[in-house]
1. Just to check your reading of the model, which residue among ILE82, ILE53 is in contact (Cβ under 8 Å) with a residue 40 or more places away in the chain, touching a strand residue (DSSP E or B) at 6+ places or on another chain (Cβ under 9 Å) and of a type outside the set (Asp, Glu)?
2. In the range 59-72, is there at least one residue being within 18 Å of TYR18 (Cα to Cα) and in contact with a strand residue (DSSP E or B) (Cβ under 6 Å, 6 or more places away or on another chain)?
3. Is there a residue being modelled with pLDDT under 95 and touching a Pro at 6+ places or on another chain (Cβ under 7 Å) anywhere in the range 68-77?
4. How about the range 1-108: which strands (runs of 3 or more DSSP E) wholly inside it have at least 1 residues that are hydroxyl-bearing (Ser, Thr, Tyr) and surrounded by 12 or more Cβ atoms within 10 Å (Cβ to Cβ)?
5. Take the range 79-97 and flag every residue that is charged (D, E, K, R) and at pLDDT 95 or above.
6. Among LYS25, LYS115, which is the only one that is under 19 Å from MET1 (Cβ atoms) and among the basic types (Lys, Arg)?
Amino acid sequence: MTLVDFIDKLSELGPITYDTPFDNKTLVFRIGGKIFLLTNIELWDIKCPKINIKALPENVEKYLCDYDFVEPAYHMNKKHWITVNMSKFNQSKLFFNWIQDSYELVYESLTKKIKNELNENK
């Protein structure tokens, strides 16, 4: 999967935006202005992509114990975020379920006003 394919797949979740607010290599994906996923563009270029996704704390612990392709989140709160090494990961359905969970977790934290604005722009 290329980064372009990955972005196309993410756009199926609903209204998202993405930018590089920290540096020119960290691509940040947002819902309603809040981050739900990050990735390093350079790692996609060398075919070793990794992504950071948000998860419930109890799931973070489980994923770290159960999956060798999950690492403590790089530069993020390790209680709420994980890093998934996609080059070791071949369960795309599970992977996109985790991404959808991250998206929904962040969506649920949005204000009612922002949720309404997002729903109007669908």
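1. Exactly one residue qualifies, and that residue is ILE53.
2. Looking only at the range 59-72, we keep the residues that are within 18 Å of TYR18 (Cα to Cα), and these are none.
Taking every residue of the range 59-72 in turn, none turns out to be within 18 Å of TYR18 (Cα to Cα) and in contact with a strand residue (DSSP E or B) (Cβ under 6 Å, 6 or more places away or on another chain).
3. Scanning the range 68-77, I find no residue that is modelled with pLDDT under 95 and touching a Pro at 6+ places or on another chain (Cβ under 7 Å), so the answer is no.
4. Details: elements: 17-19, 26-31, 34-40, 50-54, 70-72, 81-85.
Where strands (runs of 3 or more DSSP E) fall fully within the range 1-108 and carry at least 1 residues being hydroxyl-bearing (Ser, Thr, Tyr) and surrounded by 12 or more Cβ atoms within 10 Å (Cβ to Cβ), they are 17-19, 26-31, 34-40, 81-85.
5. To start, the set of residues in the range 79-97 that are charged (D, E, K, R) comprises 79, 88, 93.
Once the filter is applied, which keeps residues that are charged (D, E, K, R) and at pLDDT 95 or above, the range 79-97 yields only LYS79.
6. Numbers: LYS115 fails: under 19 Å from MET1 (Cβ atoms).
On inspection, the qualifying residue turns out to be LYS25.
The values are calculated or read from the model by the stated rules, or taken from the named source; none is laboratory data. This structure is a prediction, so every number in the text was calculated from the model and none was measured. With ideal geometry, Cβ positions are generated from the backbone for all residues, glycine too; neighbour counts draw on all protein chains shown.
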